[in-house]
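The values are calculated or read from the model by the stated rules, or taken from the named source; none is laboratory data. These numbers were taken from a predicted model, which means no experiment stands behind them. Here the Cβ is made from the backbone with ideal geometry for all residues, glycine too, and neighbour counts use every protein chain on show. Each accessible area value is taken on the protein alone, full model and side chains, heavy atoms only, with ligands, DNA and RNA left out. Shrake-Rupley method; radii C 1.70, N 1.55, O 1.52, S 1.80 Å.
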Amino acid sequence: MMKVTLSVVAGQHRGQRMVAQHGLVTRFGQTEWADFSFPLDSSMAEFHFALDCREKRCVLQSLGAAPTWVNAAEVSQQLLMPGDAIRAGETEFIVSIEGMDESLLAAADDDESGDRGSTDPVAAIAIGMTAVEVCMRLELEDDAPRLARDCSSSLELMQLLAAAGDYRQALRVRAFTLGRRPGIAWGCHLVQETFQDRISDIQQAGLAAAVAWTHSPVQENSLHAEAAAQRADYEGPGGMLAAAAFWSGDNIAPATSPQPVKPDDALASHAVAAALAIAIYHHRTPPIEEQFKHYTMVAAAIESGELKLYDT
């Protein structure tokens, strides 16, 4: 079994050692809600980075709130090697790995970047959360809290919500676990599939703005999406998807504000679910449960990389 140990060699927590459990995603940050917490490092984000230690490999995923460096290079995602140095805030770690797949070590030598994909930061957070934590984070209502207590995963919670006929909240859970960019791409794909061109010009413009953001998630496209959402009064499938794209940008503060405001990581999933709820109730045939099954199959294909809706 692989064993990944991080030793703190610089910062207020120097001397601490922690072991990332094999088979799990482990979150590091300043907050007590992180799996490993560093409250004395005021420069570290609440959830700064995560380690995915599965399949005899360890992949670091920066969670996007603040930069993470590996071997003095800023990274978004990085396959870790023994001896790598990680810096988050003012804290520096040295990585020790035992039992790593040797074929991955050889592959990393051939890949200068060491990059192994582009997991969405919100998805990286969600994958390490229990069903109860997801339920609380999304502020799900009605029977959701009760159902969550008996679930082994957030996807099981999604299935139970759908079985109870609560498709809106089930879609929220799936959009959140899929992540911002993949989730918005999911919503755009299914709205286009459902409505084709049979929505108003304003809704089409919102949909187009959301699609443009998924292809290039830069602040300029986020602001274009905001304008499209405003024209749609933040309503309808296109308007809600445009809102999701804006709420996934770097700053949702008014242009006159001197301080940037980062969006809440649950906002986009709310808007994507609203758009998909409109789509799923648009047709009465096939039955809604069959449509929902199709939606979740599309989500799984996006998550696995089988369905590529944008260039990473």
Output the residues belonging to segment 29-56 that are closer than 19 Å to Val95 by Cα, of a type in the set (Asp, Glu) and within 20 Å of the chain's Cα centre (by Cα). Asp35, Asp52
Residues being out of contact with any Asp or Glu (no Cβ under 7 Å at 6 or more places or on another chain), modelled with pLDDT under 90 and open to solvent by 10 Å² or more (accessible area, probe 1.4 Å): count how many of those fall in segment 44-61. 3
So which residues in segment 155-180 are open to solvent by 10 Å² or more (accessible area, probe 1.4 Å), within 22 Å of Phe246 (Cβ to Cβ) and either touching a Ser or Thr at 6+ places or on another chain (Cβ under 6 Å) or among the polar types (S, T, N, Q) (or both)? Arg172, Thr177, Arg180
Does Thr5 satisfy the condition of being closer than 26 Å to Asp264 by Cα, of a type in the set (Val, Ile, Thr) and either in contact with a Pro (Cβ under 9 Å, 6 or more places away or on another chain) or open to solvent by less than 40 Å² (accessible area, probe 1.4 Å) (or both)? no
Looking only at segment 196-210, and only at residues there that are among the hydrophobic types (A, V, I, L, M, F, W, C) and open to solvent by 10 Å² or more (accessible area, probe 1.4 Å), the one that is farthest from Thr285 (Cα to Cα): Ala209
Within segment 155-190, residues being outside any helix (DSSP H, G or I) and without any contact (Cβ under 8 Å) to a residue 12 or more places away in the chain number 1
I'm trying to understand the selection: among the residues of segment 195-229, which are under 16 Å from Phe246 (Cβ atoms) and not in a helix (DSSP H, G or I)? Ser216, Pro217, Val218
Is segment 39-58 home to any residue that is touching a Pro at 6+ places or on another chain (Cβ under 7 Å) and outside any strand (DSSP E or B)? no
Does segment 225-233 include one or more residues that are closer than 27 Å to Leu155 by Cβ and of a type outside the set (D, E, K, R)? no
